[in-house]
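Step one of this worksheet: look at the structure below.
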Amino acid sequence: MAMNGKGYLDASSLPVKEFDGIIVGGGGSGLMAGLQLAQSGMNTAVVSKVFPTRSHTVSAQGGITCAIASADPNDDWRWHMYDTVKGSDFIGDQDSIEYMCQEGPATVFELENMGLPFSRTEEGKIYQRAFGGQSKDYGKGGQAERTCAAADRTGHALLHTLYQANIKAGTNFLSEWFAVDLVLNDSNQVTGVIAFEIESGEAYFLKAKATVLATGGAGRIYKSTTNALINTGDGTGMALRAGLAVQDMEMWQFHPTGIHGAGTLVTEGCRGEGGYLINKDGERFMERYAPNAKDLASRDVVARSMMLEIIEGRGCGPDKDHCYLKLDHLGADLLHKRLPGITELSKTFAHIDPADHPIPVVPTCHYAMGGIPTNVHGQVITQQSDGSDKIVDGLYAAGEAACVSVHGGNRLGGNSLLDLVVFGRSAGLHIEDSFKQGIGISEPTRENINESLKNINRVNSSKEGENSSVIKKDLQEVMQLSFGVFRSAKNMEEGIQEINDIRERSEGLYLADKSSKFNTARVEALELLNLLEVAEATAICASERKESRGAHSRDDYPERDDENWLKHSIYFKETKEVSKRDVNFRPKIVQAFQPFARTY
Amino acid sequence: MNSIAAEQLKTLKVSIYRYDPDIGKKPYMQSMDIDIPKDKDIMVLDALQLAKEIDPTISFRRSCREGVCGSDGMNINGKNGLGCITPLSEAVRGNKLELRPLPGLPVVKDLIVDMTQFVDQYKKIQPYLITDKKTDGKEIPQTVEDRDKLDGLYECIMCGCCSTACPSFWWNPDKFLGPAALLQAYRFISDSRDVATEERLDQLEDAFSVFRCHGIMNCVSVCPKGLNPNKAINEIKKMLIKRAI
Ligand SMILES: Cc1cc2nc3c(=O)[nH]c(=O)nc-3n(C[C@H](O)[C@H](O)[C@H](O)COP(=O)(O)OP(=O)(O)OC[C@H]3O[C@@H](n4cnc5c(N)ncnc54)[C@H](O)[C@@H]3O)c2cc1C
Ligand code: SF4
Ligand code: SF4
Ligand code: FES
């Protein structure tokens, strides 16, 4: 059914395409799930708003962290688990972290066997580099080198390899299709999504017994971010509008080294290869803040240290508003071999060659630790009124959109790519199994479908009001000012108020262009509505979490409060209220790691 | 970009290819003036976003905005390139910026071309590792030297700038595989882990797949990642000829 400004979309005339499973997202997590399902012979489709290799996974640079014991033959997934739990500031779920760290090596080797062009060691093994927050022997054995890398283009290598494997497996792609909203039936089971083919503007109900949200991050809620322009939190928006819970939305990672002024990232791998940060006096200041790990402390710690240097007047540049990342001492050869992409990016976006001059960098919004809560099988979980968990039938989530909670309050570098492939796969496996056993999902009614068309019909029929790009800019400004690295109660309250006003304005959002063919204005308007949901959830959760933990740092509650907040936060759109959910301390194989003071 | 005071702005004349199949009008060039910062060098993609703020109906693809996803290949003042990493200082001539879709592929709308043919050619070369190497659950070993052979090949972002600058591809987009697909063919041929070299060469043997390349070198001069498809094609040609004798 074409969207051309004439008439509403209605269930009675909306065409239906039916699949066993659909995966919304063609990034690393979506393609891994897609591969699993295609190989199992199920009738599946991978839906992606961009051609799969344009997904944001392509931008990942430094690598995929995993104890494959290449750099150190004694490396142990339990050490990786310990680091990840500590990195999460103890609100990562230990069953999930254990699963990821243990399953990881097999998956990384499998990616290599598929063709991923990893860099190599002299022995012909996969090359691993040091990344932040990595240790040997449960923090007692010094810095580990655990991040498997394809130069500094690991995401590109991984995404293209997975796309290629999907071509081989004959995966069915709905490429350049935009998913709008989930369709739930009367029993609150998910029965598929409303989506449209961007090129033709034709809308459909994509019906499936299993729907996977693998829609990636939402960094575009901030004005300055390392994220692609398409990272607008669409899956999270869909889940919230469907009345489902989201988890730990206040936990946003600010990456220490975004290029000042441009926001583009230079990988932590730069510091892993021996680079370090300096202030205006040329001082290697991380030695003061983290005497052991120094520049390879956890990202939250490094980002805060940089901000303190800047706040205390030791920032670099005419406005003293950034720091320098020094790499020139590593020599042009190493930069060329290990960090070629970084060299390219610095030349393009900072107009400097890192072999001669340090790169101006500043902490920049990078990654959403929070998202749609799931269990280790990718099954989406929501919270019932009595506080207990409930599995949402028919719905899965994986990747950055999900919160299986391996990252808790702070993600370690290289752990996202691992999360994508391990949990993309586990979601696929669970769907395959459930199919064999038979899935009982009842039909949605016409009213159910029309309910899910409300949002897009509103945008399509808008008659006057503001353009989405104007509203988006204001939203990004508020988030940047009030919900950055350091947070204060007063700022956050004002921020929430402003977001309230922006929500009112968004009710009057105007889509001037009603054309049907490749209408990118329509896509951007719908994306804005998703950004708004994510931003509001972030803001309210941030103001409710009355402690400092991981990436969430507030001046009125500067300490971690394990008594009250060793918990996930849970948020619903209708009530705009935050409740708590228990963190999992029940790994299956090892003993749980209990909270301790986190120093690096 | 930050909002900037008026005195720090200057005007740039942008001319953009417009076409919407639904309107029934022939394609035309739309001219508009946009305000750009005086002393900051912005990218072509930034300029295009500014144009879209004035006229939201202008359509183009973009994603990563850092030259790694391959979305925004377009023809910039006569040369194919990526909007997001082409600074105005490099692109603009005589204060004019002319933006057209990549040449030779069907236009869907404005700067958006139908990439189907391009992707189909890519799929034809079996763009995945074919191997029978034993691994016992670990990696297939590869020496540093063998891995180095993939540099300059695997980094392709499938932007299409090269193939759509290649006259041979314009004339035979269905038969001549084009520089991008051939670069990938050579990427797998060069991979020490791949065992299907003969099979791959068999597929490339006909008169069109490879041999339509006449070394015009457009592909090399436009590749935004600095790759050299022509060199890869020549290597394939050499292997094919060697096999024939
Ligand atoms: C610059 C940068 C560098 C990074 N480097 C590393 C690193 O070295 N190591 C590491 O572990 N992590 C890294 N990360 C983080 C990591 O890359 C991401 O978290 C991860 O790639 C996300 O993958 P994903 O599969 O969840 O989603 P994405 O790759 O973002 O894919 C999302 C997919 O969903 C689709 N989609 C979204 N919305 C819709 C919709 N409405 N309809 C249809 N389709 C939709 C998109 O088209 C896309 O295909 C980096 C991140 C950035 C920003
Ligand atoms: S060198 Fe060959 S492939 Fe490259 S543009 Fe010329 S004819 Fe095309
Ligand atoms: S070879 Fe270069 S120009 Fe051609 S598709 Fe790949 S990256 Fe683009
Ligand atoms: S937007 Fe990704 S290459 Fe330009």
Residue selected from the range A:221-237 under the condition within 16 Å of ligand 4 (Cβ to nearest atom) and in contact with a strand residue (DSSP E or B) (Cβ under 9 Å, 6 or more places away or on another chain), by the criterion nearest to A:GLU533 (Cα to Cα): A:ASN231
Only one of (1) in a strand (DSSP E or B); (2) crowded, with 16+ Cβ neighbours inside 10 Å; (3) within 22 Å of the chain's Cα centre (by Cα) does not apply to A:ALA427, and that is (1)
Just checking, which of B:ASP120, B:ASP114, B:ASP136 is away from ligand 4 (no atom under 16 Å from the Cβ), farther than 19 Å from A:HIS156 by Cβ and more than 18 Å from the chain's Cα centre (by Cα)? B:ASP136
Exactly one of (1) under 30 Å from B:LEU150 (Cβ atoms); (2) more than 14 Å from chain B (Cβ to nearest Cβ) is unmet by A:VAL193. Its number? (1)
Given the condition away from ligand 4 (no atom under 14 Å from the Cβ) and either outside any loop (DSSP other than H, G, I, E, B) or open to solvent by 10 Å² or more (accessible area, probe 1.4 Å) (or both), answer yes or no: does some residue in the range B:64-73 qualify? no
Those residues of the range B:191-232 that are within 30 Å of A:LYS347 (Cβ to Cβ), touching a Ser or Thr at 6+ places or on another chain (Cβ under 9 Å) and part of a loop (DSSP other than H, G, I, E, B) come to a total of 3
Output the number of residues of the range A:268-318 satisfying the condition of being open to solvent by 10 Å² or more (accessible area, probe 1.4 Å), assigned to a loop (DSSP other than H, G, I, E, B) and of a type outside the set (D, E, K, R). 8
Filter the range A:320-345 for residues that are more than 22 Å from A:ASP281 (Cα to Cα), assigned to a helix (DSSP H, G or I) and more than 11 Å from every other protein chain (Cβ to nearest Cβ) and give the result. A:ALA332, A:ASP333, A:LEU334, A:LEU335, A:ARG338, A:ILE342, A:THR343
Which of the numbered conditions does A:SER452 fail, given that it passes all the others? Conditions: (1) closer than 18 Å to A:ALA525 by Cβ; (2) touching a residue at least 24 places away in the same chain (Cβ under 8 Å); (3) under 26 Å from the mean Cα position of the chain (by Cα); (4) open to solvent by 60 Å² or more (accessible area, probe 1.4 Å). (4)
Given the condition touching a residue at least 24 places away in the same chain (Cβ under 8 Å) and within 29 Å of A:GLY219 (Cα to Cα), answer yes or no: does some residue in the range B:115-127 qualify? yes
Could you list, in sequence order, the residues of the range B:158-190 that are in a loop (DSSP other than H, G, I, E, B) and either within 14 Å of another protein chain (Cβ to nearest Cβ) or within 10 Å of ligand 2 (Cβ to nearest atom) (or both)? B:MET158, B:CYS159, B:GLY160, B:CYS162, B:CYS166, B:PHE176, B:LEU177, B:SER190
Consider B:GLY104 against the criteria (1) more than 16 Å from ligand 2 (Cβ to nearest atom); (2) surrounded by 19 or more Cβ atoms within 10 Å (Cβ to Cβ); (3) more than 8 Å from chain A (Cβ to nearest Cβ); (4) under 27 Å from B:ASP22 (Cα atoms): it satisfies all of them except one. Which criterion is unmet? (1)
Quick one: is B:VAL119 in contact with an Asp or Glu (Cβ under 8 Å, 6 or more places away or on another chain) and either within 8 Å of chain A (Cβ to nearest Cβ) or modelled with pLDDT of 95 or more (or both)? no
Whether any residue in the range B:137-149 is more than 30 Å from A:GLY104 (Cα to Cα), within 12 Å of chain A (Cβ to nearest Cβ) and not hydrophobic (A, V, I, L, M, F, W, C) is what I want to check. no
Within the range B:10-29, of all residues that are more than 14 Å from chain A (Cβ to nearest Cβ) and not basic (Lys, Arg), the one farthest from the chain's Cα centre (by Cα) is B:THR11
Can you name the residue in the range A:33-61 that is within 14 Å of chain B (Cβ to nearest Cβ) and more than 11 Å from ligand 1 (Cβ to nearest atom) and, of all such residues, is farthest from the chain's Cα centre (by Cα)? A:GLN39
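The values are calculated or read from the model by the stated rules, or taken from the named source; none is laboratory data. Owing to the predicted nature of the structure, the values given are computational and were not obtained by experimental measurement. All Cβ positions, glycine included, derive from the backbone under ideal geometry; neighbour counts span all protein chains shown. With ligands, DNA and RNA removed, areas are computed over all heavy atoms of the protein, side chains included. Shrake-Rupley method; radii C 1.70, N 1.55, O 1.52, S 1.80 Å.
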